[in-house]
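The values are calculated or read from the model by the stated rules, or taken from the named source; none is laboratory data. It should be emphasised that the depicted structure is a prediction, and the values quoted were computed from it without experimental measurement. Backbone-built Cβ (ideal geometry, glycine too); neighbour counts: all protein chains shown. We work out accessible area using only protein heavy atoms, side chains counted, and drop any ligands, DNA or RNA first. Shrake-Rupley method; radii C 1.70, N 1.55, O 1.52, S 1.80 Å.
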Amino acid sequence: MISIKDVKKIYSSKKGQVKAVDEVNLEIKEGEIFGVIGYSGAGKSTLIRMLNGLELPTQGSVTVAGNEVSKIKGSKLRKARQEISMIFQHFNLLWSRTVRENIAFPLEIAGVSRQERLKRVDELIKLVGLEGREDAYPSQLSGGQKQRVGIARALANNPKVLLCDEATSALDPQTTDSILELLVDINERLGLTIVLITHEMHVIRKICHRVAVMEGGKIVEIGPVLDVFKNP
Ligand code: ADP
Ligand code: ADP
């Protein structure tokens, strides 16, 4: 489902060059929940941003759901991105729009008819457990509810891959667990491939099938979670 080949990302500025991602090779299978863990500055955000074409690699290729996202541009990239959704630490919701309108937003952009949108939004609200909150504004929601809106919005166009950028880092432990349980449910029910980046071991242990440990732009360890984090 995801193939990262010989990827390097170098940021250049007046202050010099930063090797954010350095010679990374990675294959992620359909239906996998794959975690990337590492300290701040390890290159996790850069890596996940290359998976949906938000950043271009300096070298190498990135292919997601059959699209070489490191190569395509314009309308082709926009179309590919409908299959590669993302959720964020700070949710990135539209604050002047209701829950329903936030979730409908990517459907509007994709040109889905009003009648279809209403039906799809209702399904998504049920899927993420937000019944009764349809007409609330983001400011009226708890952190966990905001992330549920983020997840529903990300799933609106039936993506093949869900990217999670520190998606539970702004939440308390109990809310974190309920969001992680929702992600497992979605993975199992929809067969969605999930890639998440985090600095929290708990998140990896709770839901990931495999994990890569990043340090200084490189993957320094990779394998099933129980092998990588086995107790000595
Ligand atoms: P993270 O939580 O992933 O460490 P940061 O807070 O470091 O994120 O960075 C937030 C945003 O700023 C990201 O989009 C990242 O790409 C960008 N960024 C990080 N470091 C730099 C830098 N040295 N110069 C310019 N932009 C940066
Ligand atoms: P992580 O997500 O693991 O915290 P990042 O991918 O955000 O790591 O950052 C990796 C390195 O690249 C850091 O040294 C960071 O400062 C640098 N970096 C990230 N984004 C940018 C950017 N847009 N411009 C310059 N440097 C950046």
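Of all the residues in the range 102-126, those that are open to solvent by 80 Å² or more (accessible area, probe 1.4 Å) and of a type in the set (D, E, K, R) number 6. In the set 55, 27, which member is closer than 30 Å to residue 188 by Cα and in a strand (DSSP E or B)? Matching residue, one of 55, 27: 27.
If we scan the range 73-86, do we find a residue that is more than 12 Å from the chain's Cα centre (by Cα), open to solvent by 30 Å² or more (accessible area, probe 1.4 Å) and farther than 17 Å from residue 157 by Cβ? Yes, that holds for at least one residue.
Search the range 1-58 for residues being small (Gly, Ala, Ser) and open to solvent by 80 Å² or more (accessible area, probe 1.4 Å), and hand back the single one that is nearest to ligand 2 (Cβ to nearest atom). Only one residue tops the list, namely 40. Looking at residue 198, is it within 16 Å of ligand 1 (Cβ to nearest atom), open to solvent by less than 40 Å² (accessible area, probe 1.4 Å) and touching a helix residue (DSSP H, G or I) at 6+ places or on another chain (Cβ under 6 Å)? Judged against the criteria, residue 198 is not a match. Quick check on the range 172-194. Is at least one of its residues at pLDDT 95 or above, touching a Cys at 6+ places or on another chain (Cβ under 7 Å), of a type outside the set (Lys, Arg) and assigned to a strand (DSSP E or B)? Taking every residue of the range 172-194 in turn, at least one turns out to be at pLDDT 95 or above, touching a Cys at 6+ places or on another chain (Cβ under 7 Å), of a type outside the set (Lys, Arg) and assigned to a strand (DSSP E or B).
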